[in-house]
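Chemist: What follows is a single structure, and I will ask about it in a moment.
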Amino acid sequence: MSNTPDRVLIFDTTLRDGEQAPGCSMTRPEKLRVARALAELGVDIIEAGFPAASPGDFERVAAVAREVAGPTICALARCSPEDIELAARALAGAARRRLHVFLATSAIHRQYKLNMAQEEILRLAAAGIARARELCEDVEFSPEDASRTELEFLAQVVEVAIAAGASTVNIPDTVGYTVPDEFAELFRYLRKNVRGIEKVRLSVHCHDDLGMAVANSLTAVVAGARQVECTINGIGERAGNCSLEEVVMALKTRAAFFNVATGINTSRLYPTSRLVSSITGMPVPRNKAVVGENAFAHEAGIHQHGMLKHYSTYEILRPEDVGLTRGHLVLGKHSGRHAFRERVQALGFELDELELNRVFEEFKALADKKKELFDGDIEALVLRAEGSAAGPWTLIELGTEARTNHAAHARVLLQHADGRSAERTASGDGPVDAAFKAIEAAAGIAVTLRKFEVQAVSEGEDAQGEARVYVEYNQRTYRGASVSTNIVESGARAFLEVINRIELARSGARTREERAVSSA
Ligand code: KIV
Ligand code: ZN
């Protein structure tokens, strides 16, 4: 008997379910950057988006399909011919593609959302999958809210899906309701009662509403699932999805228990986590398993003592297993390009010559302001190099004045990509508030500020501050981030990134309206 571990496919949905988290939507360059990092990480399938959601989503999925090599590229579609055809068109440029069709099956969804009887669900699922199969070899079907669906009906739906041509059947715990024993039972029930189930790959897709997404996914693997759907840092709807780094490291660390393997290059986990956090503006909690700042920190004397004797006393993973190669003091003003390149590589980033030169210039400028540069500084430089939403506004000058018990004043000079420039002054409750108001006036956009936070990215008195700004505009959340040794400037740049994101979204909407008018 062979003991070769079964392969579990890693289906990453950071760019679809992850992007559905409030404020996490990504621009096209951001999606491409994350998709390339996922390919390097070794995920098997990238769910790139939901093309029917908007023309922008369609274009972003199409860009990933055209430009990202390696993994299968997948697009989500409701069970309607229009959605399915649109998703298939978005995937046309991919070397390997998959259509993911879903339809809710639970009594709650049937009654309140769809207003459909069981027979209609069965008919619709079969027709949708059959249409998808006409357009794509590789079709996945998800009965949404499967974990709250009557078992017998779920088995019927899955049987119909297999007969209609689905090659992967995904079982979602859409609202994070199930618990491990119950979920394992569900998988066993399906494997026992569904005709043809041995012909398809069973997949699992868990949400984290009760904090059990990873546990439920692992238990599904024990019960026969051979694909796990997950996101980097566990981002996603509400409390998020199953975290990729946690589920992968659990399968690897406890390989003797699970007897399965993934194709993930785990040394890419930490850099990918940092990239997604930087791009989405979703911080990674310090105590987050596997990639949190404290995941490998030992504070108690007894633990430190044990670690000095042997790391295995208190560590089951090594930081380098997940790509964390943190040192302390790294570089300074006199460090050369060679040392800089080595440090960038040790931190897990691959930059081409052009990017390296650009970031090295910024490194030199920063080293002029700051005595010692730490890993956090280098990471921030690399991540911010392409992370911000480009144009149309650029900050040319910022001046602020603030005294205790007096209103603060700010003056900004902005330059627009169309050649205009705008200079405005404003007063506010502190220099940051004044700078935000001056930028709003100069750009002619008024927003509601929801959150402004600053966090040091490294150590020391002259540490850089990373500012994150969240605003609401037209019932949508927009975010921006920036890093500088001057926190007022970093706040202003983060705020300007928000304004640029709004401008980009507005011009996208205008282009769509223009297209609609011209094609009417
Ligand atoms: O949570 C869910 O049910 C989903 C499906 C579309 C797979 O995201
Ligand atoms: Zn989901």
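Chemist: Of the residues in segment 1-24, how many are more than 25 Å from R201 (Cβ to Cβ) and either more than 16 Å from ligand 1 (Cβ to nearest atom) or more than 12 Å from the chain's Cα centre (by Cα) (or both)?
Modeler: Residues meeting the conditions: 1.
Chemist: Moving to a separate point now. Is there any pair with a first residue in segment 45-70 that is under 29 Å from V8 (Cα atoms) and a second that is of a type in the set (S, T, Y) whose Cβ atoms are under 6 Å apart and which are 6 or more apart or on different chains, and what are they?
Modeler: I45/T72; E47/T13
Chemist: Can I ask one more? Give the number of residues within segment 111-135 that are outside any helix (DSSP H, G or I) and open to solvent by 70 Å² or more (accessible area, probe 1.4 Å).
Modeler: Of the residues in segment 111-135, 1 are outside any helix (DSSP H, G or I) and open to solvent by 70 Å² or more (accessible area, probe 1.4 Å).
Chemist: Ok, one more. What is the one condition in (1) open to solvent by less than 40 Å² (accessible area, probe 1.4 Å); (2) under 30 Å from E497 (Cα atoms) that F258 does not satisfy?
Modeler: (2)
Chemist: Of all residues in segment 204-221, how many are within 16 Å of ligand 1 (Cβ to nearest atom) and in a helix (DSSP H, G or I)?
Modeler: Adding up the residues that qualify gives 5.
Chemist: Only one of V139, V160, V169 is over 18 Å from V228 (Cβ atoms) and either of a type in the set (S, T, N, Q) or surrounded by 22 or more Cβ atoms within 10 Å (Cβ to Cβ) (or both); which?
Modeler: The conditions single out V139.
Chemist: Follow-up question, since we're still on this one. Filter segment 129-151 for residues that are more than 18 Å from F183 (Cβ to Cβ) and more than 13 Å from ligand 1 (Cβ to nearest atom) and give the result.
Modeler: Once the filter is applied, which keeps residues that are more than 18 Å from F183 (Cβ to Cβ) and more than 13 Å from ligand 1 (Cβ to nearest atom), segment 129-151 yields I129, A130, R131, A132, R133, E134, L135, C136, E137, D138, V139.
Chemist: I've got another one for you. Can you tell me which residue is modelled with the highest pLDDT among those in segment 1-46 that are part of a helix (DSSP H, G or I) and within 15 Å of ligand 2 (Cβ to nearest atom)?
Modeler: G18
Chemist: Is it the case that I84 is open to solvent by less than 30 Å² (accessible area, probe 1.4 Å), modelled with pLDDT of 95 or more, touching a helix residue (DSSP H, G or I) at 6+ places or on another chain (Cβ under 6 Å) and among the β-branched types (V, I, T)?
Modeler: yes
Chemist: Can you confirm whether T27 is β-branched (V, I, T) and open to solvent by 10 Å² or more (accessible area, probe 1.4 Å)?
Modeler: Yes.
Chemist: For segment 173-188: of the residues being open to solvent by less than 40 Å² (accessible area, probe 1.4 Å) and aromatic (F, W, Y), which is farthest from ligand 1 (Cβ to nearest atom)?
Modeler: Among residues in segment 173-188 that are open to solvent by less than 40 Å² (accessible area, probe 1.4 Å) and aromatic (F, W, Y), the one farthest from ligand 1 (Cβ to nearest atom) is F187.
Chemist: Which residue is farthest from S106 (Cα to Cα), if the candidates are limited to segment 157-200 and must be of a type in the set (D, E, K, R) and not in a helix (DSSP H, G or I)?
Modeler: Ranking the candidates gives R195 first.
Chemist: Separate question: Between a residue in segment 96-115 that is within 21 Å of A132 (Cβ to Cβ) and any residue that is within 16 Å of ligand 2 (Cβ to nearest atom) and hydroxyl-bearing (S, T, Y), which pairs come within a Cβ distance under 7 Å, given they are 6 or more apart or on different chains?
Modeler: Pairs that qualify, where the first residue is within 21 Å of A132 (Cβ to Cβ) and the partner is within 16 Å of ligand 2 (Cβ to nearest atom) and hydroxyl-bearing (S, T, Y), are H100/S142; F102/S142; T105/T149.
Chemist: Can you name the residue in segment 222-242 that is more than 15 Å from ligand 1 (Cβ to nearest atom) and not in a loop (DSSP other than H, G, I, E, B) and, of all such residues, is most open to solvent (accessible area, probe 1.4 Å)?
Modeler: Filtering segment 222-242 for residues that are more than 15 Å from ligand 1 (Cβ to nearest atom) and not in a loop (DSSP other than H, G, I, E, B), the one most open to solvent (accessible area, probe 1.4 Å) comes out as V222.
Chemist: Here is a further query. Would it be correct to say that A88 is in contact with a Cys (Cβ under 8 Å, 6 or more places away or on another chain) and either farther than 23 Å from R36 by Cα or of a type in the set (G, A, S) (or both)?
Modeler: yes
Chemist: Specify the residue that is surrounded by the most Cβ atoms within 10 Å (Cβ to Cβ); the eligible residues are those in segment 448-474 that are of a type in the set (S, T, Y) and at pLDDT 90 or above.
Modeler: Y470
The values are calculated or read from the model by the stated rules, or taken from the named source; none is laboratory data. Worth saying up front: this structure is predicted, and the values here are computed from it rather than measured. Don't worry about glycine lacking a Cβ; one is built from the backbone with ideal geometry, like all the others, and counts go over all protein chains shown. Side chains included, ligands, DNA and RNA excluded: accessible areas come from the protein's heavy atoms. Shrake-Rupley method; radii C 1.70, N 1.55, O 1.52, S 1.80 Å.
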